[in-house]
Each structure stands twice: as C-alpha cells, then as structure tokens.
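The structure under discussion appears below in the form of structure tokens.
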Amino acid sequence: DEIDNENIEVNSMNNKEFLSKLSWTISHDNIQNWYDITSSDIGKYVYAVVNEGFIHRSDDYGETWKISYDNSQAWLSISTNGDGKYIYAVASTFEGILVRSENHGIKWDIIDLPIAIAW
C-alpha cells in the first residue's frame, strides 16, 4: 500500500522537506496502536513500540519485523543511539517502566528506578 506523502506530519521542517521526497509503503501493520519509532543513523535497525503491546524490531531497513520484547505494556517512547545497538524504551504504568537493550534489541533488561515515576 502506498502512502500519500502530502499528508505526512513531521515536527522538524528539515525532516518534513526530506520526507516529502520519499515514496512510502506500509511495512508492518496488524491494526496496532503504534506509538513511537526510532532508527539507527542509516536506518538499518528500526524499533517501534505499541501502546498496550510489544516492542518490535527490524534489522533490514523496515522490510521485515519481529517482536523484540514481548512484555505487553503501555509503551510511550523508544530511542536508540547512532548504530542502533543501545535502545531505551519507557512505558506508562503506576510506577513507570524503563527498559534497555545493549545488543540491537535481542535481550532487554528492566532498569530499576530510584523512585516511582508515572510517565
């Protein structure tokens, strides 16, 4: 399915100009409530979170996707470093959840927070 580039909203003007020149296709969608996405600098590694769902990853520029972390949460945000090796994701719960992967989303660890934080 092709996406209409004219209807894409991006916060940064530079990104909007760049994105308007691309052709978009739906890579993965199972009628999920997708909440946030991040990628490595060159886009090889892409990570996305589903609110009331899982963390997903692609290691082939978004062509194929797999569940990376199967702990269903109200995921709000995900971020990675330049090469996509280190990833952090945060979920909204009564006490908040912060998870980290140090190997491209293969294994995840819950980070103990010093105080309860409701994101």
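Where a number appears in this text, it was derived from the coordinates with a stated rule and is not lab data. Every value quoted in this text rests on a predicted model; they were computed, and no experiment measured them. Note: ideal-geometry Cβ built from the backbone for every residue, glycine included; neighbour counts use all protein chains shown.
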Review point. Given H placed on each backbone N at 1.01 Å, which residues far from Q73 in sequence or on other chains put an amide H within less than 5 Å of it?
Key: E52, G53
**Study point:** Table column - 3J(HN,Hα) (Hz), segment 89-96, Karplus curve with 6.51, -1.76, 1.60, x for Gly and Pro
**Key:** 9, 10, 10, 8, 9, 4, 10, x
Point to revise | Charge tally in the Cβ shell below 13 Å around V49, where Lys, Arg are +1 and Asp, Glu are -1, V49 excluded | key: -2
Revision key, fill the gap. Diffing segment 69-80: the Karplus 3J(HN,Hα) column from phi (6.51, -1.76, 1.60, θ = phi - 60°), in whole Hz with x for Gly and Pro, holds 9, 9, 8, 5, 9, 8, 5, 10, 8, 9, 8, 9
